[in-house]
Amino acid sequence: MYLLQIDWWIFFEKLILVAVIVTTALVVAMYSTYAERKIAAFLQDRRGPNRAGPFGLLQPMADGLKLFMKEEIIPMTSSKFLFVLGPMLAMITACMTSAVIPWGSTIDIKGHQVPLQISDINIGILYIFGVVSLGVYGIMIGGWASNNKFSLLAAVRGASQMISYELAMGLSLLAVLMLVGDLRMSSIVNHQIANGWNVLYQPLGFLIFFICALAECNRTPFDLPEAENELNFGYHQEYSSMKLGFYLFAEYINMFISAVVMSTLFFGGYDIPFVNEAAWGNHWWVGLIGFVVLMTKAALFIFLFMWIRWTIPRFRYDQLMNLGWKKLLPLALVNMLITAVVILLLHK
Amino acid sequence: MPINYYIFLSLTLFVIGIIGVLTRRNAIIIFMCIELMLNAVNLLLVAFSKMHYVTNVSKVTNAGSDGQLFVFFIMVVAAAEVAVGLSIIVMLFRNTHSVDVNFLNRLKH
Amino acid sequence: MIVLLLFLVPLIGGFLSFFIKNDKTVRTWALLTSVITLLISIAGNTFAHSPGQLHFSSSWLGSLGSSFSLQLDGLSQILCLLTAISYPLILVSTWRSSYKTANNFFALMLLTQAGLMGVFLATDALLFYFFWELALVPMYFLCSGWGGERRIPVTFKFFIYTFTASVLMLIGLLYLYFQTPDRSFSLQSFYALKLSNDTQSWVFWLLFLAFAVKMPVFPFHTWQPDTYEQSPTAATMVLSAIMVKMGVYGVIRWVLPVVPIAAYSWGDVVMSLSVIGIIYASIIAIQQDDFKRLIAYSSIAHIGLMSATLFAETKIGYQGVMVQMFNHGINILGLWIIVELIERQFGTRKLSQLGGVAQKAPALAILFVILAFANISLPLTNAFIGEFLMFSGIWSSTVTHYNILFTVLAILSIILAAVYTLTAVQKVLYGPESSITEGTKDIHGNEKMVLWVIVIMVVVFGVYPQPLLRITDGFVDLLLNKINVAHLFVK
Amino acid sequence: MFHLLQTNVTQTVSDASSAGSYFPVGIQLLFVVGMIGFLMVVTHLLGPKRHTSDKLQTFSSGIESHGDARQPMAIKYFLVAILFVLFDVEVIFFYPYAVNFRGLGWSGFWAVLMFVAFFLCGFIYIIKKGALDWED
Amino acid sequence: MNALIFSAVSGVIMMFSSFLLNNKNSVRVLAHVLLLATIIANIFELRGISFFHIDTRGMLEFDRFALLFTLVANVCTFAFFLLSSRDLEKIGNHYSDYFSLLFFILAGIVVSSSFKSLLMLFLGIEILSIPLYILTGSDKRNLKSNEASLKYFLMGSFSTGLMLMGIALIYGATGTFQTGITVAEKVPVLLITGMMLLLFSMSFKVSAAPFHFWTPDVYDGAPTVVTSFMATVVKAAGFIAFMRLFAEEFGSIRPEWKLLVGIVAAVTLFIGNITAVFQQSVKRMLAYSSISQAGFMMLAIYSLSNDAKEGLILYAAAYSLATIGIFAVLVRMKDYTFEGFNGFAKQQPFLAGILVVFLLSLAGIPLTAGFLSKFYMLKATIDGGSLALAIFAVLMAAVSVYYYFRLIQSMYFKTGNATISGTTTGFKYTLAALAGITILLGIFPNLLTNWLYF
């Protein structure tokens, strides 16, 4: 058996990296809920959670604990297996996305090169797309398994919304790929370190991508699947305890990941603006600084998401679909073609 | 891994697909089995493509690339078939409220 | 050129007939066409002897190795003459039969004639096959469209039988085509073939089957009585007077010279079958009450004799066959006319219901009796010449060891023929009048004229057969030459 | 025999064009599935279990639910799904182009322009046909 | 290339014509004009003038065989348009879309008849099949149409799967998709397996037994107009592709498959003919007859000679014209059973006469194109060395006479009141022209086959 001839060092290295990154994502997601409530309170001139711990900082823990301890209800008319599978799938896909994101530059630990990236596969960006697309299954299966008209309707809505925006998202990315000429996440970042951030060259592309990211994460103004006033609670209204928690969590993880992806694709990833980090050498703290920088950028995006949530009202469904299909899709296509022409012209 | 592993894997998938097509009654499952067959082929083509690349890389430029090209076309055609097939199944479902293919026997009379 | 006209005149006349809606006009037109054909045929037989007039060849389907070539030699002459003579007679004698959509009827009749002429003239195998089917298809429509009550299944059986056999013949011809060195369907190339004995055997059966069905030879005859019975009289006349000769013709033209060894080795089998057929058909005929069926079975017996003689391979026999083909056509035509007259007048063909016609219809009686004599082949009738020659032919045959047995059995058929024919004559003409035959009227007009013409021919060729023998003399020599050469080759 | 997946993992994990680079992804998948499965089991064990028949009904704002929820719904959703499949595959075609377009130059551009033209043909067609109209 | 681009663009134009033209008549006229333009463009290419110069990288080769078949297919389609385009209206509202689908099918036919690469074979077959799935189910409210469509779709995709696996295995064995492989003495097992799979899947597509079982149901269930098209032009195209595939790709391993193809041909002939005999509906009879005719066309693949090539083209033309003609009348009949035709000749003598020509042609009676095409097949078969197969084939042809003539009997010799609606003078003249072509080709096949060489 060839497969067992594994270099165990690399196995543990990757395992630790995975654990760190997944935990980070979970923690960030947890505190996103806190941030969401705090920001909502701030924008609405309230105080938000402030009892559990200082400034209510322990509130997410309390919430999580509560979800853990709640009674688990699986409605009689539902499909049991799918009912359990749905939230797990949502969670798994949310956690898997982070695998190809470069969290920082390669660091040197006692002569051993450790990249702060779980895997630098050569079709990184397609991997992200693929895994994100799978997220639809979580929603769809959950809504279907519940056997509740509202859930099902919400799930179908959510699914068709997500797939619709995926088209425009994919097209808007093309222009970035044309600039970089590679699908690997690391080369996208390196290209930006060398040539400046993509957002400078692709403002329109970024805008489209950003809007699509909002829709993909079911964030306001595109949170149609969870439109409380139309659909009770959305596709997960039959869920309780940690299964509900998974759905909610998955959404926040997705938000975090999309913030990271946007930072990586358009805002230089772990690149610090106006600074030439390469000159600092190959120390372990350089990688950490990169990581912090990336997290900062992501935090800004998360803040933007939340700001938008409390600023812009929800779309109507037909408006949503029209925006996605009839405006963003052609716009992204045109953006791609223009980019191609310009690059070809400059190239000659 | 030797190429035979790939051949066996995709043939297995393919045969599973065939058995599914021949034995299942639900149109959607039959349809999924057909997709499974197509994907088994895709897998095999990519494996062969790599194999021919390895053997011919010194002799031919773009050795084995046509196999991957073929996969693209299969994907496109599969997508078109999905579109048409799902439309047909939905159409039928709206008329009969069933996706069981047993009814197909009715045509014989 | 004459050969082409022989085929083209009925063809074009037939096509035009489709568009003539008036009943009288179309009859006249058809008659006119057939008379012209007759004139051309006579011209071909008498004063046209230059090869340019008796041959026609034009390139057609060259890529398939086939050409449009026609030829009027002795064998063709006699059969074309038969066809050409029969048609006016048929048309005149059935002048009073009324047909729905007469234009289609006459058009199909003429198309059949064109097909028949083509079959007798073609010297290219593929062309031969074309004409073979061209004669068959309109005939099918004729029988199915205007026949009796059970016409549809009966004629369909006829068609399927013939068609199946003919496609097998096609395969046989195709196989021969592939054996020719120049990849050609022409008769000459086929004659030049030297095939192995085994090959000859099954090619023989492929080809012979089609002709055997058409003639018909004993086990393949089942379609015939029904078809004769159910077809409209005019079509029956064409079928029995001319079409069955296609089978005989086919054997002479396409089987004997092409696969002589097989013809030799299978000769006994075929002759046995034929002789069995003769006896069998005659016995059945004796038991028949339906006049049409009686004549049908009698026809099987007569044809059986011809097919037996074909494989005796003697000159005298072949001459007999040639003459008899013509004479049998004429005779049976006359008999059908009689049947038609009786059926039209009395509304039945059942012999048991008829009787005492002779007294009220003397002319009919005389003509009927003469034709009956011809059917029994009494001396001084034309059939006597043919049958006598054929008996002598079988008797003197050197290719079979059973020649005497065959001859004796075959001659038995004359006695049997006398039994059934004379019984029919007696039942119809003599005896007590039945309720049906009370108001019998004699024949007159065109039927009478036609019957007289036929009877005159019966008698004339009965005492002076030389013209017919002369026509075929040269051909028979050639034929025997080919077959005998092959026998030498065997040894 | 052809060793397609070279199993010297250390080398191949960092080699992006090798199947070995998916090895860490596999590790992550195992990790994540394990973690989530564990959490599922834990929450299953921790929570109280006091089922009543009312509780096990489907919840729809207190209104009694009627019949099966899985009934045919608006065809529009199916339509979107089907269109997505088609267009998504067309989008996939752009990816190899986008990566290689510098090498393909103008000739490649014209080819892609033609492809885009067909893409647009289909796009305009579905819009004209009203496949994307939601107010009816 | 001309025909390919013309028909593809025509398809797109027809797609949009419904937005620009609000009148069904103008849509129809447009379709006719576009098809005519395609035909003319194709004739130009046959005469050596190609309007487009596109590098197909050796994947397509527009040789005379392909071009001629394209011409035949287009002309038959044109006849189909002339005869039946009005009946397309009855299926549903998307009139112009049906035309565009038909044009796409034509494009698929061009690709599948001129491929030089297995990729193009696959694409051609699919371009041709997928619109057919839609057309089969285009009568949306009719359950039979729906079911036929689903069945056709599932069977078609299944056979596509087989085909792809076959192609993949061949690729594995040879390393190329281009046809014209050369094999060493020992034929690789992958190649043999691939060849078998391709044989099966192509048999599926052309409904050769034992893979024919979908055919009668699908042909019966589909709207009659569509059946008319798919049973003729499309099926013929399948055979052209089949022949090209086996001549060019597997020509070098002929001993491996010859017997198998022979058996398939014989079984197809047998099953098609015998089951056709028992049908009561003319439509189903034609479905089975299409299977039996497929058996005859299989003979061309069995023998793979020049004769077979010429014959296949002729067969395609003869069979398509005759069947399209019969279907055009059948569509307008009230009753599709044999009894429904009783007394037809009395009421419509002209149409009945023409139908007889078509039926004779299908039955293979001389002086019709049907005979000569069968003749070519037999000739090729005997040349290919199997007299037994040829004999079996003609016996089956004799069986086929039974059911074709049954229709003739109904029309001519049985009394009844067959009802037909909407026969215009133009319709009759078009049918008469088709009958004329059938007879003309039956007498001078060179008019068609010579195009292969000059």
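Structure notes:
- Rg ratio (alpha-carbon, reference 2.2 N^0.38 Å) - region A:5-151: 1.35
- Highest to lowest packing among A:161-171, C:98-108, scored as the average C-beta count within 10 Å: A:161-171, C:98-108
- Semi-axis lengths, Å, region C:384-437, gyration tensor of Cα atoms, sqrt of 5 times eigenvalues: 37, 10, 6
- Here E:Phe444 sits with roughly 100 square angstrom of accessible surface, probe radius 1.4 Å.
- Descending semi-axes in Å of region C:113-194, equivalent ellipsoid built from Cα gyration tensor: 31, 13, 6
- Put simply, the amide H of A:Ile107, placed in the peptide plane, has neighbours under 5 Å in A:Val114, A:Leu116, leaving out anything fewer than 5 places away on its chain.
- For the protein assembly as shown, the spread of Cα positions along the three principal axes, ordered from largest to smallest, is 143, 70, 56 Å.
- C/E buried area, accessible surface, summed, 1.4 Å probe, Å²: 3000
- Chain B, relative contact order in percent, only Cα pairs under 8 angstrom and at least six apart counted: 26
- Relative protection proxy for E:413-419, A:288-294, C:1-7, from highest mean packing down: C:1-7, A:288-294, E:413-419 (other beta-carbon atoms within 10 angstrom).
- Most mobile of B:Leu11, B:Leu43, B:Leu92 in a GNM of chain B (Cα contacts under 10 Å): B:Leu92
- Residues with amide H under 5 Å from that of E:Gln178, placed H, sequence gap 5 or more: E:Leu118
- Pairwise Cα inverse-distance average, inverted: Kirkwood Rh of region A:64-346 (Å): 19.9
- Charge sum, other residues only, whose C-beta stays under 10 Å from E:Glu89's C-beta, Lys/Arg counted +1 and Asp/Glu -1: +3
- Accessible area buried at the B-E interface, both sides summed, 1.4 Å probe (Å², nearest 100): 3700
- Relative contact order of region A:71-204, defined on C-alpha pairs under 8 angstrom at six or more residues apart (%): 26
- Accessible area buried between chains A and D, both sides summed, probe 1.4 Å, in Å² to nearest 100: 7600
- Between helix A:203-216 and chain A: long-axis angle, C-alpha atoms, 0 to 90°, nearest 10: 30
- Solvent-accessible area per residue for the protein assembly as shown (1.4 angstrom probe, square angstrom): 36
- A straight Cα-to-Cα reach below 24 Å connects C:Lys194 with the lysines C:Lys315, C:Lys482, C:Lys491, E:Lys379, residues fewer than 8 places away in its own chain not being considered.
- For the protein assembly as shown, the share of accessible area belonging to carbon and sulfur comes to 68 percent (1.4 Å probe, ligands and nucleic acids excluded).
- For region C:168-287, the normalised intensity computed at q = 0.14, 0.15 Å⁻¹ comes to -0.65, -0.73 (log10 of I(q)/I(0), Debye sum over alpha carbons, equal scatterers, no solvent).
- In this structure, the amide hydrogen of C:Ser57, modeled 1.01 Å from its nitrogen in the peptide plane, lies closer than 5 angstrom to those of C:Leu70, counting only residues at least 5 positions away or on a different chain.
- J(HN,Hα) series, region C:60-71, from Karplus relation 6.51 cos²θ - 1.76 cosθ + 1.60, nearest Hz, glycine and proline x: 6, 6, x, 5, 8, x, 10, 9, 8, 10, 10, 8
- Heavy atoms of D:Asp88 accessible to a 1.4 Å probe, total area in Å² rounded to 10: 40
- Taken residue by residue and averaged, Cβ atoms of other chains lying within 10 Å of the Cβ of A:70-78 number 6.
- When the alpha carbon gyration tensor of chain C is reduced to an equivalent ellipsoid, the three semi-axes, largest first, read 35, 27, 20 Å.
- Across region E:2-452, Cα pairs under 8 Å and at least six residues apart give a relative contact order of 15 percent.
- Residues of type lysines that C:Lys214 reaches as a straight line, Cα spacing below 21 Å, ignoring anything fewer than 8 places off in the same chain: C:Lys157, C:Lys245, C:Lys292
- Across the alpha-carbon atoms of region C:287-491, the computed radius of gyration and Dmax are 19.1, 69 angstrom.
- Using R0 = 41 Å, the C-beta based FRET efficiency linking D:Ala131 and E:Ile5 works out to 0.90.
- Listed by chain and number, the lysines whose alpha-carbon sits under 18 Å from that of A:Lys326, ignoring those within fewer than 8 places in the same chain, are D:Lys76, D:Lys128, D:Lys129.
- Members of region B:23-58 that become less accessible by 30 Å² or more once partner protein chains are added (1.4 angstrom probe, chain alone as reference): B:Ile34, B:Met37, B:Leu38, B:Val41, B:Leu44, B:Leu45, B:Phe48, B:Lys50, B:Met51, B:His52
- Rg/Rg_ref, chain E, where Rg_ref = 2.2 N^0.38 Å and atoms are Cα: 0.92
- Each residue of region E:75-80 was assigned a 3J(HN,Hα) from its phi angle through the Karplus expression (A = 6.51, B = -1.76, C = 1.60, θ = phi - 60°), giving 5, 4, 5, 5, 4, 4 Hz with x at Gly and Pro.
- Taking a Cβ cut-off of under 15 Å around E:Ala236, the surrounding Lys, Arg, Asp and Glu residues balance to a net charge of +4, with basic ones at +1 and acidic ones at -1.
- The 3J(HN,Hα) values that the Karplus relation (6.51, -1.76, 1.60; θ = phi - 60°) gives for region E:374-388 are, in residue order, 5, 4, 4, 4, 4, 4, 4, 5, 5, 4, x, x, 10, 5, 4 Hz. Gly and Pro appear as x.
- Remark on region C:59-78: accessible area falls by at least 10 square angstrom from chain-alone to full-complex state for C:Trp60, C:Leu61, C:Ser63, C:Leu64, probe 1.4 angstrom.
The values are calculated or read from the model by the stated rules, or taken from the named source; none is laboratory data. Because the structure is predicted, anything quoted here is derived from the model rather than measured. So basically every Cβ, Gly included, is an ideal-geometry build from the backbone, and we count neighbours across all protein chains shown. For the accessible areas, the whole protein counts, side chains as well, though only heavy atoms, and no ligand, DNA or RNA atoms are used. Shrake-Rupley method; radii C 1.70, N 1.55, O 1.52, S 1.80 Å.
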